[in-house]
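Please read the structure below before turning to the comments.
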Amino acid sequence: MDFQVHEHDVIVIGAGGAGLRAAIEASAAGVSVGLVCKSLLGKAHTVMAEGGIAAALANVDNRDNWKVHFADTMRGGQYVNNWRMAQLHAMEAPDRVRELEAWGAVFDRTPDGKILQRNFGGHKYPRLAHVGDRTGLELIRTLQDHGIHKGIQVYMERTVVRLLLDAGRVSGALAYDRERGRFTVFKAKAVILACGGIGKAYKITSNSWECTGDGHTLAYDAGAEWIDMEFVQFHPTGMIWPPSVRGILVTEGVRGEGGVLRNKEGKRFMFGDIPDSYKPQTAKDEEEGFNYVLGDKNANRPPELLTRDHVARCIVREAREGRGSPHGGVFLELQTFAEWYGKKKPGFKAEEHWKKKLPSMYHQFKELGGLDITKEPMEVGPTTHYMMGGVRVDSDTQMSRVPGLFACGECAAGINGANRLGGNSLSDLLVLGKLAGEHAAKFVKAHPAVNTPNDQIEDAAKWALAPFDRPPAENPYQVMHDLQDMMQDLVGIVRKEDEMVRALDGLEKLKARAARCHVAGHREYNPGWHTAIDLHNLLAVSEGITRAAILRKESRGAQFRDDYPTKNTREFGRVNTIQWKAADGSMQIKLEPIAPMPQELKDAIAAEGGGKLPEELV
Amino acid sequence: MGQVTLKVWRGNSESGQFQEYTAEAGEGMVVLDAVHQVQATQAPDLACRWNCKAGKCGSCSAEINGKPRLMCMTRLDDLPPGEVITVEPMRTFPLMKDLVTDVGWNYEVKKQIAPFAPRKADHRDGTWKMHQDDADRVQEFRKCIECYLCQDVCHVLRDHHKHDQFVGPRFLVHLAQVEMNPLDTGDRIADTKNKHGIGYCNITKCCTNVCPEGITITDNAIIPLKERVVDEHYDPVMMLLRLVLPKKKSGQRSAVSGQETHG
Ligand SMILES: Cc1cc2nc3c(=O)[nH]c(=O)nc-3n(C[C@H](O)[C@H](O)[C@H](O)COP(=O)(O)OP(=O)(O)OC[C@H]3O[C@@H](n4cnc5c(N)ncnc54)[C@H](O)[C@@H]3O)c2cc1C
Ligand code: SF4
Ligand code: SF4
Ligand code: FES
């Protein structure tokens with residue numbers, strides 16, 4: 001077979017926020033960098049992020065600092081996070097945001113001309129630097145426009161199908177290009193995975209076609225471990241009507257700006273279900289909640305801004321118990337706030353206000369839903385949004401257990417524990433992306449060259465082409481749809497042992513069907529073929545999620561078990577699930593204790609908990 | 001809603017033709033949904049680009065009934081009922097396959113534009129003071145999703161193929177964005193005229209009319225840039241335009257000397 005060959009010191013796979021930031025850093029360290037991505041540059045999923053980047057800049061509330069951000073992140077993650085990553089993240093996020101400004105980002109401003117910050121679920125203070133509700137676009141464009149002048153070689157519309165290894169060390173990757181379907185061998189001394197999420201394992205998702213768990217699976221196949229795979233974040237508010245837009249995100253910013261959730265009886269149900277650990281920080285009534293939205297430092301947050309896992313479950317409950325909206329969700333409306341504010345501030349123009357604060361939401365509902373959010377309530381419901389679990393990496397270097405293989409961004413894991421706070425992903429991409437780039441460059445300088453063995457290359461290419469040679473049996477689209485339906489039904493927001501055991505069985509059958517997938521046509525830009533290849537990754541991560549969810553017999557953060565509806569901290573509050581591939585190809589799993597937390601960090605958490613430590617940490 | 005008939009361009013760089021497909025139209029469906037349906041049921045090798053399906057990434061650009069639009073933001077029920085819908089690739093760029101074009105030229109053009117170069121930070125923590133009013137102007141340009149629909153429609157590129165002399169409206173917006181950033185110290189005005197070919201634009205406003213982000217490309221980006229150029233160089237279109245444009249009100253920030261806002 002014919003292969004194009006490109007050689008770099010470092011290959012970064014993925015050009016979202018994490019990959020771009022890593023590439024910039026590695027390149028700044030003086031090594032040669034190749035950046036590979038499935039789409040065009042600037043189109044990665046990061047572009048869709050809306051609400052903002054979390055960083056304790058303390059521009060809006062000067063009581064904020066990294067320790068509070070750290071404590072918020074740990075509480076959001078229910079204390080099974082990697083505390084060291086959470087610490088580095090909270091400490092360095094402000095510098096990473098400021099750096100974006102130096103590279104040309106133009107954030108919304110405070111009245112005194114600083115970077116403005118907004119409220120978001122689970123963050124004690126207004127902490128999210130943002131640009132209206134298109135922060136992801138600002139982030140990716142800034143990194144892109146900065147990066148293109150730094151000598152990084154970009155390879156667009158190429159999909160990596162396998163990592164290459166030389167005696168256990170990573171040595172490159174094999175990719176096909178969409179245009180011609182030809183193969184490229186990327187040779188490298190270090191590889192950084194920044195491939196994003198897994199949303200396409202589910203039927204209803206806010207994620208794009210790219211999010212098929214490639215980074216997760218490439219690492220797994222190469223011998224790396226996974227951590228926390230049971231924790232899949234279902235965002236409480238996705239669009240649910242019309243059907244063609246089902247799953248598209250309605251940013252948390254809507255609630256951050258005063259949006260209120262109601263059931264079909266008009267009841268603001270979130271006030272009826274506030275977890276004890278959040279009671280002291282939640283508003284007693286509507287007035288206080290709205291004052292918080294306006295920035296009153298003495299007011300507490302409205303209950304709509306509780307963590308995502310909790311709000312999502314409340315919505316599911318309302319719908320299941322027959323109090324939902326016509327299409328199986330609940331209502332999210334801006335009118336109550338506007339009316340209240342209008343009374344306080346004569347001359348307040350609701351329509352103008354919302355168009356300025358939430359321009360792309362206004363646009364999205366107007367164009368796609370035929371609805372004016374300044375006048376009518378939206379219908380919303382949970383959507384698969386973010387993967388907390390992924391490649392297990394060292395907290396200070398982002399290297400996996402495979403030498404030379406690094407991971408960052410959504411496909412890496414640890415920082416978020418059982419649930420990610422909104423805004424913590426974009427900051428994670430920047431902080432840990434930079435770290436990955438820095439340490440990959442160091443690794444390259446300290447290690448000799450490696451080989452890309454021909455037999456591995458041939459084998460991977462043959463595997464990728466197999467669907468063309470098979471007799472017509474299974475349609476890859478159909479197999480993918482069936483997988484998505486099954487994961488949605490059996491391993492979704494509310495989980496049960498027997499359903500998940502059925503899912504494991506279903507996965508075996510789907511694997512067998514995937515092995516019989518056939519594609520017609522040629523290798524040029526053939527989405528049917530690409531889907532057949534993606535199936536391998538989707539099936540692997542689906543199995544990982546299911547097995548980890550079965551093993552964690554408790555409800556914590558994003559994992560809700562109907563058969564174990566409460567936390568069981570004694571057994572599961574101080575451990576992570578770890579998964580890896582055995583020599584015979586089967587998936588292995590174990591529980592591993594979390595390293596003890598240093599006193600300084602415990603103090604930071606206690607300071608936010610009225611002097612008390614949560615059970616997980618005592 | 002019943003069925004819709006789509007005429008989709010199928011072909012590659014050498015040859016191609018329209019092919020008819022029917023799709024089942026459901027409530028709220030957009031053209032991209034119909035294309036996906038065709039892909040899943042009738043033509044698995046039909047090539048098209050998309051990512052976000054929400055008008056945010058600028059991947060799914062095409063010409064729908066002859067008009068440059070995003071497929072994911074064009075609702076079937078907004079098109080004339082009962083009529084065949086034509087979907088074809090952007091014609092200004094070389095065709096790769098079906099609805100996918102080679103937009104690589106745009107990436108090369110951007111590299112030629114001098115990057116943002118901020119003045120020394122105002123504060124010790126490396127940050128600057130910038131007011132929302134100043135941010136507003138730049139933020140309009142930074143909304144660009146790089147769909148290249150404006151490039152597709154601009155006659156200088158589409159009909160006159162001046163790709164090597166004219167950067168096109170997208171990159172005039174990009175230039176305006178860096179030039180008008182109050183923190184920037186670079187000077188790209190000579191380049192804007194000589195290298196980036198702003199003189200080719202004769203302000204037809206076709207680009208503004210197709211921009212899905214509603215950026216007022218011509219009035220807010222191109223004309224102020226032309227004004228800056230004309231201060232330093234000769235631009236015949238701008239000379240004429242100056243005769244007919246209303247004089248600036250006093251007190252209004254001058255686009256020509258954006259420097260004022262730097263303080
Ligand atoms: C609608 C929406 C809104 C969000 N809003 C926010 C927010 O406001 N704040 C926040 O913090 N987070 C937000 N998130 C989450 C956040 O956007 C993502 O977690 C984050 O952008 C992921 O970035 P990444 O760099 O890890 O990956 P991505 O941006 O997903 O990029 C992945 C890259 O990997 C490439 N790739 C994947 N597989 C392969 C392969 N096999 N070969 C080659 N390349 C490959 C892709 O082409 C792409 O370039 C939001 C998410 C969504 C969906
Ligand atoms: S206004 Fe200028 S840039 Fe825009 S389409 Fe017309 S000629 Fe092209
Ligand atoms: S300026 Fe508008 S039309 Fe042109 S590329 Fe940007 S978003 Fe698209
Ligand atoms: S798919 Fe992103 S703009 Fe249409």
All conditions in (1) facing chain A (nearest Cβ under 9 Å); (2) surrounded by fewer than 14 Cβ atoms within 10 Å (Cβ to Cβ) are true of B:ARG75 except (2)
Looking at the range B:109-131 only, could you name the residues that are within 7 Å of another protein chain (Cβ to nearest Cβ) and either small (Gly, Ala, Ser) or exposed (fewer than 14 other Cβ atoms within 10 Å of the Cβ) (or both)? B:LYS111, B:ASP125, B:GLY126
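Suppose we keep only residues that are under 26 Å from B:LYS193 (Cβ atoms) and either within 9 Å of chain A (Cβ to nearest Cβ) or more than 13 Å from the chain's Cα centre (by Cα) (or both) within the range B:142-154. Which one would you say is farthest from ligand 4 (Cβ to nearest atom)?
Initially, the range B:142-154 is screened for residues under 26 Å from B:LYS193 (Cβ atoms), giving B:142-144, B:146, B:148-154.
Filter once more, so that each one left must be either within 9 Å of chain A (Cβ to nearest Cβ) or more than 13 Å from the chain's Cα centre (by Cα) (or both): B:142-144, B:146.
Details: B:ARG142: 16, B:LYS143: 13, B:CYS144: 12, B:GLU146: 10 Å.
Restricting to residues being under 26 Å from B:LYS193 (Cβ atoms) and either within 9 Å of chain A (Cβ to nearest Cβ) or more than 13 Å from the chain's Cα centre (by Cα) (or both), the top hit is B:ARG142.
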Could you list all residues from the range B:55-73 that are touching a helix residue (DSSP H, G or I) at 6+ places or on another chain (Cβ under 6 Å) and either assigned to a loop (DSSP other than H, G, I, E, B) or without any contact (Cβ under 8 Å) to a residue 24 or more places away in the chain (or both)? B:GLY55, B:LYS56, B:CYS57, B:CYS60
Considering A:GLU524, A:GLU508, A:GLU497, which residue is at the interface with chain B (Cβ under 10 Å from one of its Cβ atoms) and among the acidic types (Asp, Glu)? A:GLU524
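Would you call A:ASN62 in a loop (DSSP other than H, G, I, E, B) and surrounded by fewer than 24 Cβ atoms within 10 Å (Cβ to Cβ)?
Values: in a loop (DSSP other than H, G, I, E, B): yes; surrounded by fewer than 24 Cβ atoms within 10 Å (Cβ to Cβ): yes.
So A:ASN62 fits the description; yes.
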Would you be able to say whether some residue in the range B:200-210 is among the β-branched types (Val, Ile, Thr), within 16 Å of ligand 4 (Cβ to nearest atom) and more than 14 Å from chain A (Cβ to nearest Cβ)? yes
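Inspect all residues belonging to the range A:192-214 and state whether any of them is surrounded by fewer than 24 Cβ atoms within 10 Å (Cβ to Cβ), of a type in the set (A, V, I, L, M) and not assigned by TED's automatic domain parsing to the domain that holds A:ALA312.
Of the range A:192-214, the ones surrounded by fewer than 24 Cβ atoms within 10 Å (Cβ to Cβ) are A:203-204, A:209-210.
Adding the requirement that they be of a type in the set (A, V, I, L, M) leaves A:204.
Now restrict to residues that are not assigned by TED's automatic domain parsing to the domain that holds A:ALA312: A:204.
Within the range A:192-214, one or more residues are surrounded by fewer than 24 Cβ atoms within 10 Å (Cβ to Cβ), of a type in the set (A, V, I, L, M) and not assigned by TED's automatic domain parsing to the domain that holds A:ALA312.
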Return the only residue of B:LEU95, B:LEU76 being touching a helix residue (DSSP H, G or I) at 6+ places or on another chain (Cβ under 8 Å) and more than 30 Å from B:LEU225 (Cβ to Cβ). B:LEU76
Out of the range B:1-59, which residues are at the interface with chain A (Cβ under 9 Å from one of its Cβ atoms) and charged (D, E, K, R)? B:GLU27, B:ASP33, B:ASP45, B:ARG49, B:LYS53, B:LYS56
For B:ASP219, all conditions in the list (1) more than 9 Å from ligand 2 (Cβ to nearest atom); (2) in a helix (DSSP H, G or I); (3) in contact (Cβ under 8 Å) with a residue 40 or more places away in the chain hold save one; what is the number of the exception? (3)
I'd like the full set of residues that are under 22 Å from the mean Cα position of the chain (by Cα) and either of a type in the set (D, E, K, R) or surrounded by fewer than 23 Cβ atoms within 10 Å (Cβ to Cβ) (or both), limited to the range A:101-120. A:ARG118
State yes or no: is A:LEU591 within 30 Å of A:PRO236 (Cβ to Cβ) and without any contact (Cβ under 8 Å) to a residue 60 or more places away in the chain? yes
Before we move on, is B:GLU88 among the acidic types (Asp, Glu), over 30 Å from A:LEU371 (Cβ atoms) and outside the structural domain of B:ARG10 (by TED's automatic domain parsing)? no
Working carefully through the options A:GLY17, A:GLY42, A:GLY52, find the one that is more than 28 Å from A:LEU218 (Cα to Cα) and either within 16 Å of ligand 3 (Cβ to nearest atom) or touching a Ser or Thr at 6+ places or on another chain (Cβ under 9 Å) (or both). A:GLY52
Residues in the range B:117-137: is at least one aliphatic (A, V, I, L, M) and within 15 Å of ligand 3 (Cβ to nearest atom)? no
Given the conditions (1) surrounded by fewer than 20 Cβ atoms within 10 Å (Cβ to Cβ); (2) in contact with a His (Cβ under 9 Å, 6 or more places away or on another chain); (3) in contact (Cβ under 8 Å) with a residue 40 or more places away in the chain, and given that A:GLU252 satisfies all but one, which numbered condition is not satisfied? (1)
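I'd like to know if the range B:120-128 contains one or more residues that are within 16 Å of ligand 2 (Cβ to nearest atom) and in contact with an Asp or Glu (Cβ under 8 Å, 6 or more places away or on another chain).
Let us first name the residues in the range B:120-128 that are within 16 Å of ligand 2 (Cβ to nearest atom), namely none.
No, the conditions are met nowhere in the range B:120-128.
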Test: residue in the range A:290-312 that is among the charged types (D, E, K, R), farther than 25 Å from A:PRO126 by Cβ and in contact with a Ser or Thr (Cβ under 8 Å, 6 or more places away or on another chain): no
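In this structure, does A:GLU367 turn out to be within 14 Å of another protein chain (Cβ to nearest Cβ) and either within 27 Å of the chain's Cα centre (by Cα) or among the charged types (D, E, K, R) (or both)?
Values: within 14 Å of another protein chain (Cβ to nearest Cβ): yes; either within 27 Å of the chain's Cα centre (by Cα) or among the charged types (D, E, K, R) (or both): yes.
Criteria met by A:GLU367.
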What is the residue count in the range B:135-176 for residues that are over 20 Å from A:THR142 (Cβ atoms) and either assigned by TED's automatic domain parsing to the domain that holds B:LYS53 or not in a loop (DSSP other than H, G, I, E, B) (or both)? 10
Go through the range A:132-173 and give me each residue that's closer than 30 Å to A:ASP296 by Cα and touching a residue at least 60 places away in the same chain (Cβ under 8 Å). A:GLY132, A:ASP133, A:ARG134, A:THR135, A:GLY136, A:LEU137, A:LEU139
Scope the range B:80-123; condition touching a strand residue (DSSP E or B) at 6+ places or on another chain (Cβ under 7 Å) and outside any strand (DSSP E or B); matching residues: B:VAL84, B:PRO89, B:MET90, B:ARG91, B:PHE93, B:PRO94, B:ASP98, B:LEU99, B:ASP102, B:PHE116, B:ALA117
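Please verify whether the range A:6-26 includes one or more residues that are in a strand (DSSP E or B) and surrounded by fewer than 24 Cβ atoms within 10 Å (Cβ to Cβ). Lay out the reasoning, then the answer.
First, pick out the residues of the range A:6-26 that are in a strand (DSSP E or B): A:6-7, A:10-13.
Going one step further and asking which of them are surrounded by fewer than 24 Cβ atoms within 10 Å (Cβ to Cβ), we end up with A:6-7.
Checked against the condition, which is being in a strand (DSSP E or B) and surrounded by fewer than 24 Cβ atoms within 10 Å (Cβ to Cβ), the range A:6-26 yields at least one hit.
Of all residues in the range B:9-60 being among the basic types (Lys, Arg) and modelled with pLDDT under 95, which is nearest to A:ARG134 (Cα to Cα)?
So in the range B:9-60, the residues among the basic types (Lys, Arg) come out as B:10, B:49, B:53, B:56.
Those left that are additionally modelled with pLDDT under 95: B:53, B:56.
Details: B:LYS53: 15, B:LYS56: 8 Å.
Among them, the one singled out is B:LYS56.
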Given the conditions (1) surrounded by 14 or more Cβ atoms within 10 Å (Cβ to Cβ); (2) not in a helix (DSSP H, G or I), every one holds for A:PRO472 apart from (1)
Conditions first: (1) surrounded by fewer than 21 Cβ atoms within 10 Å (Cβ to Cβ); (2) in contact with a helix residue (DSSP H, G or I) (Cβ under 9 Å, 6 or more places away or on another chain); (3) within 8 Å of another protein chain (Cβ to nearest Cβ). A:GLY151 passes all but one, so which condition is the exception? (3)
Only one of these is within 14 Å of another protein chain (Cβ to nearest Cβ) and closer than 22 Å to A:ARG308 by Cβ: A:GLY51, A:GLY77, A:GLY14, A:GLY42. Name it. A:GLY51
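The values are calculated or read from the model by the stated rules, or taken from the named source; none is laboratory data. This is a predicted model, so every value here is computed, not measured. So basically every Cβ, Gly included, is an ideal-geometry build from the backbone, and we count neighbours across all protein chains shown.
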